[in-house]
Each structure stands twice: as structure tokens, then as C-alpha cells.
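Report on one structure; see the data block that follows.
What follows is calculated from the coordinates using simple rules that are stated; it is not laboratory data. Values in this document were obtained by computation on a predicted structure and should not be read as measured data. Positions of Cβ are generated from backbone atoms using ideal geometry, with glycine treated the same way; all protein chains shown enter the neighbour counts.
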């Protein structure tokens, strides 16, 4: 969504208000290149592939506990436990209640975008790296891998695999340059009207299979 929400629109649409404020705060922190250290509770909250998927699902549109459970094929009670953890640590924020299909009051949740501006490297939380990989593998299984090699406006996906042998200073330079590009695009407002939803997964790892 472009950062053009008027006062009247924001008053009528609390979700738009929260999303605009969230995007603005995340952009400001991202453009400054700042990542504050995560607390232990925040680091542990992110050490779950299921919770990472919940955050991604709620990134653009608020979803109820029931809607999240349906999309993930999980039990609502299980999702509720993870949603409460994400709310308690500030990764999800509750939105104004709305009426469901059967007239019941439902409370949707919207991701705050906080995970992108946190630094968890000082926390040796078991399973944190595996959580990111699990979330990626769960999401990518819905993608037509073969068609992704011919990217288009409708399918902006692509894959690249590259082997390098670099000294430490060059590796650090490459990581910094990639980080700058990701931060640049992360700082842009979400375009809910024309934007295509997609995700980026980047892995740089020591290739222990090569001599």
C-alpha cells in the first residue's frame, strides 16, 4: 500500500491505519540500516517454522486464527498457541474484531514487520536456522518450480545456484551489498493494489562438500 492514507480513510479503516504505521516505522528503521538486538523472547519466538509462516501470511492482510489454521492445514488450537506467542512478543498485532460468516465475532491479526529489523545473531537459540529453512520448504512446495525458471510479471520467481571461493573480505563485501539491496526494497511501501506477493530466500553457506 502506498503511504497515502488520508485521515478520513484511516478513521474508517483501522487496519489501514495500523498497516501504514507499521510500514512507515519499518521503512524508517530499514533505511537507517539499524537492526536492534532481539530479546531472548523475540529470538525464541522466531525459532519456529510455523510461526514464521504465520507472520508471512499476515504480512499484507489481517487473518483470524481460523483463517490461518485453514491456510496452514493445522488445528486452530495449535495456531492459537503460536499466535499468542507472536502477539506477546510484538510480531503480530490484533485488529478490530469483525463478524465471521456465521455471525460470530472474530479477531484478525496483522504482522508488524518487526522481524526484519531485529538482529538475532547473538542468540544461540536451538532450531532458529532450521526454522527459516522449514518455512521456506513449506512455502516453496506450492510453487511450480519448472515454470519459475522463466520469470514473468505473473510469475516473478527465479532461481540461481553459484559456487564461489572468496577470501573473507570479499565474502563480507558481497554480503553487505546483498543486504543493501534487500534493505532498499524492504523499505519501499507495500503496493496492495498492483503489487504481486512474493518471497525472497537467500542462503550463503560454507560448502563442506568441496575440497
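Exposure proxy shown here: for 112, 78, 209, the number of other Cβ atoms within 10 Å sets the order, fewest to most, as 209, 78, 112. Label positions at residue 185 and residue 116, each projected 7 Å from the Cα along the C-beta direction, are separated by 1.1 nm.
Put in order of Cβ neighbour count within 10 Å, fewest first, the listed residues 120, 208 become 208, 120. Note on residue 126 and residue 142: their simple-model spin labels are 3.1 nm apart, each label 7 Å out from Cα toward Cβ.
Given 0.36 nm per residue, what is the gain on full extension from residue 193 to residue 71 after removing their alpha carbon distance, in nm? Walk me through the numbers on the way to the answer.
Working: separation 122, 0.36 × 122 = 43.92 nm, distance 2.21 nm.
Taking residue 193 through residue 71 to full extension adds about 41.7 nm, to one decimal.
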